[in-house]
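Worksheet for the structure shown next.
The values are calculated or read from the model by the stated rules, or taken from the named source; none is laboratory data. Here the structure is a predicted model, which is why all the values come from computation and not from measurement. Here the Cβ is made from the backbone with ideal geometry for all residues, glycine too, and neighbour counts use every protein chain on show.
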Ligand code: HEM
């Protein structure tokens with residue numbers, strides 16, 4: 001136990017708690033307003049989810065310390081446990097030596113050079129999506145992005161060298177709809193008292209039924225891949241043989257990693273792209289600039305080609321529309337963060353979305369301004385201030401993958417279409433584990449026919 005634990009301070013309890021419900025009413029009313037209100041109350045503040053205490057890490061310093069120096073004292077915590085029916089013991093949930101081993105096996109699939117090789121497939125899938133729309137029609141772009149992001153992961157990572165097996169294809173169709181069930185279920189299971197969350201409601205039954213269906217499909221896809229060895233895709237990497245007798249992963253481990261990558265990668269990328277398209281629909285000049293940059297290069301052939309405005313735009317989308325408002329950890333031993341005492345078993349809450357709206361790090365934080373990144377890069381910020389992909393040993397394995405996919409998708413859309421908001425539809429933020437638009441119907445017109 002760290003000696004500083006005994007000399008550490010106690011975290012203050014956040015203002016405004018209600019009897020029995022604690023801070024749940026404030027959380028339910030608006031996550032972002034609640035987190036904004038916690039910021040001035042201390043770097044580490046205790047809140048009550050009903051009767052269950054949790055500690056919110058409010059400052060970039062506290063978040064950075066928890067994700068890096070103190071990462072060995074922390075496990076993944078309550079939020080991630082609730083995802084176990086879907087993701088099993090995949091790398092988003094596993095811990096310690098097993099997590100390091102699994103991450104080492106998967107890492108080659110995410111090397112920069114390898115990802116450059118994925119670009120033509122990413123571009124072909126994005127172009128197929130964009131080509132399927134009709135001029136003047138209203139397209140549900142959030143649904144399109146969810147379908148596209150799922151297909152990209154399945155095609156690029158798991159079926160690159162052979163025809164898509166039936167079970168993988170079926171997963172591709174089911175996952176986009178199930179992602180909602182999952183993120184909503186994870187959030188409710190996390191914040192509601194255990195007894196309430198365990199009630200046999202329709203939502204809970206849907207949550208477990210969706211998880212069971214996906215696990216069965218993933219199991220069948222793994223069995224298929226064992227027989228029809230792919231040529232260098234991630235499934236074959238997972239199932240390859242470390243030596244003649246020991247498989248790299250068992251079927252169960254491969255199933256869990258397949259589902260983890262699909263679930264961790266599809267909703268986050270789709271949500272970020274949806275917010276990007278929402279912002280673009282209100283800013284015709286930004287559409288022109290991204291379209292012009294995309295026409296000047298070929299991201300399918302040269303995914304590293306410079307697109308400076310598009311990059312600033314996406315960096316700003318990931319700041320102001322950061323999809324992950326909720327990350328959690330649990331202390332595996334008594335420890336301190338920013339000299340505040342945290343007993344073993346404490347649930348910690350980190351919100352990238354709240355950090356990205358901190359006026360100290362980002363003046364005028366609610367203004368969407370890609371050009372704020374002209375004078376200041378990520379490196380000029382205090383560590384922990386901008387963490388769209390997390391930090392430390394649990395940093396997103398798919399950050400470069402997602403970055404390429406988002407640039408390529410915006411290029412495919414903006415070289416073909418101009419997007420327009422639909423009158424009388426108000427885009428609202430729905431806050432579960434992620435912050436996503438309620439719905440994103442947009443009218444599309446050919447970019448040269450406005
Ligand atoms: C814009 C898109 C994305 C965002 C914003 C994002 C964000 C994040 C964040 C913040 C974490 C850290 C969670 C934590 O520390 O608790 C994370 C972890 C992870 N992400 Fe992503 N992600 C994105 C895309 C992807 C993609 C495309 C993939 C895979 C194809 C992926 C796979 C993963 C995995 C497997 C983890 C767990 C890593 C570990 O614990 O070792 N993500 N992501």
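Overview of values
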| read-out | value |
| --- | --- |
| Which listed residue, of 338, 289, is touching a helix residue (DSSP H, G or I) at 6+ places or on another chain (Cβ under 6 Å) and on the phi > 0 side of the Ramachandran plot | 338 |
| Residue list for segment 307-345, filter: closer than 22 Å to residue 49 by Cβ, surrounded by 22 or more Cβ atoms within 10 Å (Cβ to Cβ) and either over 19 Å from the mean Cα position of the chain (by Cα) or more than 13 Å from the ligand (Cβ to nearest atom) (or both) | 331, 335, 337, 342 |
| Check on residue 104, at pLDDT below 95, assigned to a helix (DSSP H, G or I), touching a helix residue (DSSP H, G or I) at 6+ places or on another chain (Cβ under 9 Å) and farther than 30 Å from residue 205 by Cα | no |
| Residue list for segment 117-132, restricted to those being surrounded by fewer than 19 Cβ atoms within 10 Å (Cβ to Cβ) and in contact with a helix residue (DSSP H, G or I) (Cβ under 8 Å, 6 or more places away or on another chain) | 121, 127 |
| Subset of segment 418-445 (residues that are more than 19 Å from the chain's Cα centre (by Cα) and either crowded, with 21+ Cβ neighbours inside 10 Å or within 16 Å of the ligand (Cβ to nearest atom) (or both)) | 418, 419, 442, 444 |
| Qualifying residue in segment 183-191 (condition: at pLDDT 75 or above and not in a helix (DSSP H, G or I)) | no |
| Count of segment 414-433 residues which are touching a helix residue (DSSP H, G or I) at 6+ places or on another chain (Cβ under 7 Å) and assigned to a loop (DSSP other than H, G, I, E, B) | 5 |
| Check on residue 96, within 13 Å of the ligand (Cβ to nearest atom), on the phi > 0 side of the Ramachandran plot and surrounded by fewer than 20 Cβ atoms within 10 Å (Cβ to Cβ) | yes |
| Those residues of segment 351-402 which are in contact (Cβ under 8 Å) with a residue 60 or more places away in the chain, in a helix (DSSP H, G or I) and farther than 23 Å from residue 432 by Cα, in sequence order | 373, 374, 378, 392, 393, 400, 401 |
| Any hit, segment 107-123, residues being under 20 Å from the mean Cα position of the chain (by Cα) and at pLDDT 95 or above | yes |
| Among (1) modelled with pLDDT under 95; (2) farther than 24 Å from residue 92 by Cβ; (3) within 16 Å of the ligand (Cβ to nearest atom), the one test that residue 410 misses | (1) |
| Candidates 439, 411 - the one that is touching a strand residue (DSSP E or B) at 6+ places or on another chain (Cβ under 8 Å) and outside any strand (DSSP E or B) | 439 |
| Some residue of segment 137-148 being under 24 Å from residue 301 (Cβ atoms), surrounded by fewer than 16 Cβ atoms within 10 Å (Cβ to Cβ) and more than 14 Å from the ligand (Cβ to nearest atom) | no |
| Unique match (being within 15 Å of the ligand (Cβ to nearest atom), modelled with pLDDT under 95 and either surrounded by fewer than 15 Cβ atoms within 10 Å (Cβ to Cβ) or under 22 Å from the mean Cα position of the chain (by Cα) (or both)) among 352, 391, 385 | 352 |
| Those helices (runs of 4 or more DSSP H) lying entirely in segment 11-90 with at least 2 residues within 24 Å of the chain's Cα centre (by Cα) and farther than 26 Å from residue 436 by Cβ | 60-67 |
| Any hit, segment 356-375, residues being at pLDDT 95 or above, farther than 23 Å from residue 180 by Cβ, within 16 Å of the ligand (Cβ to nearest atom) and under 17 Å from the mean Cα position of the chain (by Cα) | yes |
| Unmet requirement for residue 133, which otherwise passes all of (1) closer than 25 Å to residue 300 by Cα; (2) more than 16 Å from the ligand (Cβ to nearest atom); (3) modelled with pLDDT under 90 | (3) |
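A quick yes/no check of all residues on (1) within 30 Å of residue 42 (Cα to Cα); (2) without any contact (Cβ under 8 Å) to a residue 24 or more places away in the chain:
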| position | (1), (2) |
| --- | --- |
| 260 | no, no |
| 267 | no, no |
| 274 | no, no |
| 277 | no, no |
| 298 | no, yes |
| 325 | yes, no |
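Residues are listed down the side, and each one gets a yes or a no for (1) under 26 Å from residue 436 (Cα atoms); (2) within 16 Å of the ligand (Cβ to nearest atom); (3) at pLDDT 75 or above:
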{"residue": "197", "(1), (2), (3)": "yes, no, no"}
{"residue": "216", "(1), (2), (3)": "no, no, yes"}
{"residue": "224", "(1), (2), (3)": "no, no, yes"}
{"residue": "260", "(1), (2), (3)": "yes, yes, yes"}
{"residue": "282", "(1), (2), (3)": "yes, no, yes"}
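For (1) at pLDDT 95 or above; (2) buried (at least 16 other Cβ atoms within 10 Å of the Cβ), each residue gets a yes or a no:
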| site | (1), (2) |
| --- | --- |
| 4 | no, no |
| 22 | no, yes |
| 28 | no, no |
| 45 | yes, yes |
